[in-house]
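A short worksheet on the structure shown next.
The values are calculated or read from the model by the stated rules, or taken from the named source; none is laboratory data. Every value quoted in this text rests on a predicted model; they were computed, and no experiment measured them. Backbone-built Cβ (ideal geometry, glycine too); neighbour counts: all protein chains shown. The area values use the complete protein model at the heavy-atom level, side chains included, leaving out ligands, DNA and RNA. Shrake-Rupley method; radii C 1.70, N 1.55, O 1.52, S 1.80 Å.
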Amino acid sequence: MTTLDESPEDEQPGDGADAWLAELTPSELTTEYLRCRREFRNLGTRAKLVSMGSGHVWVESNRLAYASVLFTRIVVTARSVERLLPDCAPREHWDFSAVASLTRNLSEAYLWYFWLCEDEIDLDIRQGRFVLLYCHDHGSRGRLFPPDGDDSEVIADFERRFDENPWLRTFDPKARREAMRGHKTPFVQDNVLERMGEDKEPFRLAYRFFSQHTHTGPVAFFRLFEHDRGKGLETAHEKRYMIHAILFATAILERAVTGHLKLFPDAYTRRPPFSEADVAKTVERNQGRGRRQRR
C-alpha cells in the first residue's frame with residue numbers, strides 16, 4: 001500500500017471511495033463543497049438544539065450525566081469545525097490541517113461518548129468503565145501537574161472499586177496495574193468501532209490521515225507545494241481534502257445526535273430553560289460588558 005502522497009494519482013485520504021472527487025471540474029467541486037458544508041451546518045444546528053434540550057435535566061446516573069457533558073463537547077467541536085470552513089470567495093483562508101485536527105478530535109469525543117454512555121452493556125461493565133475513566137483522569141493529571149500531597153487515599157479508593165466490581169475483578173494483575181496507573185486511554189479504538197458496527201478500515205485510514213495533520217507528520221507537508229495545497233489559498237486539492245473531512249465529521253455528528261436522542265428522547269422538542277438571548281446576556285454581564293449593576 002502506498003501512502004497518501006507517494007503517488008500524484010493517489011490524492012484522496014481514502015481507499016478509492018473518494019476518487020470521484022478528482023473527476024469533478026473546478027466549478028463542480030465548488031458546488032459539492034458548498035453542498036457538504038451546508039449539510040454539515042444544518043446538522044450542527046440540529047445538534048445544538050438537541051444539546052440545549054438535554055440540558056438542565058435532573059439525572060441519577062453517571063451514564064446520562066456524562067452523556068450530557070460529552071455531547072456538549074461534541075457539539076462545540078463541530079461548531080469549531082464549521083467556523084473553519086471558508087466560503088469560496090477571494091481572500092478566504094483555507095487551512096485543511098486545522099480542520100483535520102478538529103475532525104479527529106470530534107471522532108475521539110464520540111468514541112468516548114459511545115464507550116461510556118451509548119453502548120448497551122451490563123451495568124457492572126458500565127460502572128467498571130467509569131472506574132477506568134477516573135483512573136485515567138487521575139493518571140493524566142498526575143503527568144501534567146506536580147504531585148499535590150500524598151495520593152495514597154485515592155489509590156486505595158481505586159483498589160476498593162476494582163475489588164467491588166465483578167468485571168474489573170476479571171482483570172489480570174498486569175492489566176489491573178496498567179489501568180490504575182491511568183496513563184493510557186482505557187479502551188482500544190478497534191474494539192469500540194466493532195461495538196459501534198463501524199467498518200474499521202476506512203475509519204482507521206481517515207483517522208491516521210487526520211493524525212498526520214494533527215501532529216505535523218510528513219504527509220502534512222512533504223509534497224505541500226507540489227500538490228498545490230497548504231498555503232492558505234483555495235485550490236482544488238485543498239477543497240477535496242476539506243470535502244473528505246466534512247463528510248467524515250458529518251457521519252460522526254449524525255451518529256452522536258442519533259445516540260443522544262436514544263438517551264434523551266425529547267431533547268429535540270423540549271424547550272430549554274434559557275434562550276440563546278438569555279445566555280448571551282449572561283456572558284456579557286459576566287465579562288463586564290453588560291449594564292452596570294447597582295451596588
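Could you give the semi-axes, largest first, of the ellipsoid that matches region 83-177, computed as the square roots of 5 times the alpha carbon gyration tensor eigenvalues and rounded to whole Å?
Semi-axes from the Cα gyration tensor: 39, 19, 9 Å.
In degrees between 0 and 90, to the nearest 10, how far off the longest principal axis of the chain does helix 62-83 point, with axes built from Cα atoms?
20 degrees
Of all the C-alpha pairs in region 80-238, what % are more than 26 Å from each other?
Distances greater than 26 Å cover 46 percent of the Cα pairs.
Identify which of the listed values of log10 I(q)/I(0) by the Debye sum over Cα atoms at q = 0.09, 0.13, 0.14, 0.15 Å⁻¹ was calculated from the structure shown: [x] -0.39, -0.86, -1.02, -1.19; [y] -0.57, -1.06, -1.15, -1.23; [z] -0.51, -1.02, -1.16, -1.30.
So the structure-derived entry is [y].
For a label point 7 angstrom out from the Cα of residue 164 toward its Cβ, which stretches of region 64-91 have the backbone nitrogen within less than 12 Å?
none
Quick one: if you stick a label point 7 Å off each Cα along the C-beta vector at residue 177 and residue 57, how many nm between them?
Placing both labels 7 Å beyond Cα along the Cβ direction yields 4.3 nm.
Under Stokes-Einstein, with the Kirkwood radius over Cα pairs standing in for Rh, what whole-number D in µm²/s applies to region 176-295 at 20 °C and 1.002 mPa s?
So the translational diffusion coefficient is about 110 µm²/s.
Lys pairs in the chain, Cα-Cα under 21 Å, at least 8 apart or on separate chains: how many?
5
Expressed as an acute angle from 0 to 90° and rounded to the nearest 10, what is the orientation of the C-alpha long axis of helix 236-263 relative to the principal long axis of the chain?
30 degrees
On full extension of the chain, what length is gained from residue 31 through residue 155, given 0.36 nm per residue of separation minus the C-alpha to C-alpha distance?
Full extension of this stretch gives 39.0 nm more.
Under 4 °C and 1.567 mPa s, how fast does region 8-152 diffuse according to Stokes-Einstein, given a Kirkwood radius computed over C-alpha pairs? Answer in µm²/s, whole number.
Estimated diffusion coefficient is 69 µm²/s.
Could you sort 252, 121 by their accessible area in this structure, using a 1.4 Å probe and putting the largest first?
121, 252
Round to the nearest 10 and give me the degree value, 0 to 90, for the angle of helix 123-144's Cα axis relative to the longest principal axis of the chain.
Once rounded, one gets 70 degrees.
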